[in-house]
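Working notes, beginning with the structure itself.
FYI, it's all coordinate maths here, none of it is from the lab. All of these numbers come straight from a predicted model, not from anything done at the bench. Note: ideal-geometry Cβ built from the backbone for every residue, glycine included; neighbour counts use all protein chains shown.
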Amino acid sequence: MPKKHLLLIVDDEKAYANSLAFALRKDFETHTACTYQEAIETLTTGSFDAALLDVRLDERDDANQDGLRILQWLKQNQPQIHGFVMSSYKDMGYKQKAMTIGCEYFFEKPIDILHMRSILEKYVQ
């Protein structure tokens, strides 16, 4: 059996992160984080192949874009990790910022799991 790729899912809604992890567990070894700090700590202690990042990790703060900050940290510190971003906000400014930073694919919530799986498999070989 081939080794599964390691995927970090970062979302402030723990139940959502866990549901994505559950849905992707067949193809990926998944880990979850809910905050910027938890994500950075997890990324520095593991050998991740990819990270799936929600744009906003604190819904109470309209200016919050911690997912994009994590993506920027990845590109500067661990560029070998594939970075994917997701958001339920229809503001295309988030997508443009993510792509400028180096996001490999931007998923709009609600996410079609079969589509997500095919995109992740395409990038994470």
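What to note about this one:
- 3J(HN,Hα) along the stretch 94-110: 5, 5, 4, 4, 4, 5, 5, 5, x, 4, 8, 7, 10, 9, 9, 7, x Hz, from the Karplus curve 6.51 cos²θ - 1.76 cosθ + 1.60 with θ = phi - 60°, whole Hz, x for Gly and Pro.
- For the chain, adding -39500 (n - 2.57) for each run of n ≥ 4 DSSP H residues and dividing by the number of residues yields -13000 deg cm²/dmol at 222 nm.
- Of all the options Lys75, Lys90, Lys14, the one that moves most in a Gaussian network model of the chain with Cα springs shorter than 10 angstrom is Lys90.
- Placed amide H near Thr32: partners under 5 Å, 5+ positions off or other chain: Ile9
- Computed from the Cβ-Cβ distance with R0 of 25 Å, the FRET efficiency linking Glu13 to Thr45 stands at 0.60.
- Here the label points at Ile119 and Gln96, each 7 Å from Cα along the C-beta direction, are separated by 1.9 nm in the simple model.
- Sorted from longest to shortest, the spans of the Cα atoms of the stretch 48-110 along the three principal axes equal 30, 19, 19 Å.
- Long-range HN-HN contacts of His82 with modeled amide H, under 5 Å: Ala50, Ala51
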